[in-house]
Amino acid sequence: MTPTALPAAAAGTWPLGSLTVNRIGFGAMRLPAADPGGAVSRDRAASIAVLRRAVELGVNHIDTAAFYFSPLRSANELINSALAPYGDDLVLTTKVGPGRDPSGEWVHARPDQLRGQVEENLRQLGRDHIDVVNLRIGGGLERGTGPISEHFGALSELRDAGLIRELGISNVGPEHLAEAQAIAPVVCVQNQYGLTARREDDELVRLCGAHGVAFVPFFAVASGQNGVEEQVAKVAERHGATSAQIRLAWTLAQGEHVLAIPGTGDVGHLEQNVAAGALRLTEQDLAELTVG
């Protein structure tokens, strides 16, 4: 197969500043652990196999974080072991702000501590720079509030120093995008978002598109709302697809600037997720999937 024929290229590409990625990427959060709480470590060989298969399928955008770890596994270390030396077109994205101390307790970095978090990712990934660093607002998973200029300014300085190539923001609202853009270019916004999740961000998705900023939702295949689930299943049957694939296809249909980074620790699920990039929902499909 030529690179353009690889499955992950089926949904097209989008620029992250100076970098270009296939719109179907991979999220590494599930690689270290086999359970949602992160207490049970996943089989190492299985996680490495998923990463290598992702790249074989044309995935060139991998989202990770130093705080993705279980008692025996670290997402960054798995990525390093599986994929280094890295291909020239592979874009590694991480996030800083929240972190976890060695015992696993959540902490949140002050602006002067962000360099340490970036350097932690550099060491674990075995790189001299990070392609994209997202400033994540808030500790844990709660939605962030308050100004971000001090933290984002600190990351902008690290970008100027060459430790970071491009900058993004995560867990944010429209006001944060405007605040960050006044300091340095923002190439992506990463929020929880999907057919039945955080639909209050519909306007933020449109705003990102108007500014040429990638919108990168996480947990896009999360289910909920029984009535919607029935409609998802009907659309999935028409396309000979799974419900998760339809949710991913819906996400990509929200705009050419919308990317997808579904995560999994299973090669079969990975292949299904990547194949969703080739699905094209009709106007009828999208109308049936309308929420609210």
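Of note:
- Residue in segment 147-161 that is closer than 16 Å to V189 by Cβ, at pLDDT below 95 and surrounded by fewer than 22 Cβ atoms within 10 Å (Cβ to Cβ) present: no
- When segment 90-103 is filtered for residues that are of a type in the set (S, T, Y) and part of a loop (DSSP other than H, G, I, E, B), only S103 remains.
- For segment 262-278, the condition of being touching a strand residue (DSSP E or B) at 6+ places or on another chain (Cβ under 7 Å), crowded, with 17+ Cβ neighbours inside 10 Å and in a loop (DSSP other than H, G, I, E, B) holds for at least one residue.
- Residue list for segment 35-50, filter: among the small types (G, A, S) and either assigned to a loop (DSSP other than H, G, I, E, B) or without any contact (Cβ under 8 Å) to a residue 60 or more places away in the chain (or both): G37, G38, A39, S41, A45
- Of residues in segment 247-261 being of a type outside the set (V, I, T) and outside any helix (DSSP H, G or I), the one nearest to A220 (Cα to Cα): A260
- Any hit, segment 198-212, residues being closer than 30 Å to N80 by Cα and under 19 Å from the mean Cα position of the chain (by Cα): no
- Candidate set: segment 1-14, residues that are among the small types (G, A, S) and surrounded by fewer than 16 Cβ atoms within 10 Å (Cβ to Cβ); chosen: the one nearest to A75 (Cα to Cα): G12
- Matching residues, segment 196-217, being part of a loop (DSSP other than H, G, I, E, B) and touching a helix residue (DSSP H, G or I) at 6+ places or on another chain (Cβ under 8 Å): T196, H211, V213, P217
- Taken over segment 279-292, the residue count meeting the criterion of being in a helix (DSSP H, G or I) and surrounded by 14 or more Cβ atoms within 10 Å (Cβ to Cβ) is 3.
- L281 vs. criteria modelled with pLDDT of 95 or more, in contact with a strand residue (DSSP E or B) (Cβ under 8 Å, 6 or more places away or on another chain) and of a type outside the set (F, W, Y): no
- Among residues of segment 67-77, those that are part of a loop (DSSP other than H, G, I, E, B), buried (at least 17 other Cβ atoms within 10 Å of the Cβ) and of a type in the set (A, V, I, L, M, F, W, C), counted: 1
- In segment 226-236, the count of residues that are of a type in the set (D, E), at pLDDT 95 or above and surrounded by fewer than 19 Cβ atoms within 10 Å (Cβ to Cβ) is zero.
So that you can scan it fast, the table gives a plain yes or no per residue for (1) surrounded by 17 or more Cβ atoms within 10 Å (Cβ to Cβ); (2) touching a helix residue (DSSP H, G or I) at 6+ places or on another chain (Cβ under 8 Å); (3) within 18 Å of V267 (Cβ to Cβ); (4) among the charged types (D, E, K, R):
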{"residue": "L16", "(1), (2), (3), (4)": "yes, no, no, no"}
{"residue": "N22", "(1), (2), (3), (4)": "yes, yes, no, no"}
{"residue": "A28", "(1), (2), (3), (4)": "yes, yes, yes, no"}
{"residue": "G37", "(1), (2), (3), (4)": "no, no, no, no"}
{"residue": "V55", "(1), (2), (3), (4)": "yes, yes, yes, no"}
{"residue": "A65", "(1), (2), (3), (4)": "yes, yes, no, no"}
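- Among the residues of segment 182-222, not one is surrounded by fewer than 24 Cβ atoms within 10 Å (Cβ to Cβ), hydroxyl-bearing (S, T, Y) and touching a Leu at 6+ places or on another chain (Cβ under 9 Å).
Conditions (1) farther than 29 Å from H257 by Cα; (2) in contact (Cβ under 8 Å) with a residue 40 or more places away in the chain, marked per residue:
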residue	(1), (2)
G12	no, yes
N22	no, yes
A33	yes, yes
A66	no, yes
S81	yes, no
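- Exactly one residue out of L177, L125 is in contact with a Ser or Thr (Cβ under 8 Å, 6 or more places away or on another chain), in contact (Cβ under 8 Å) with a residue 12 or more places away in the chain and not acidic (D, E): that is L125.
The values are calculated or read from the model by the stated rules, or taken from the named source; none is laboratory data. Treat the numbers as computed from the prediction; the structure is a model and nothing was measured. Neighbour counts are summed over all protein chains in view; Cβ atoms, including those assigned to glycine, are modelled from backbone coordinates with ideal geometry.
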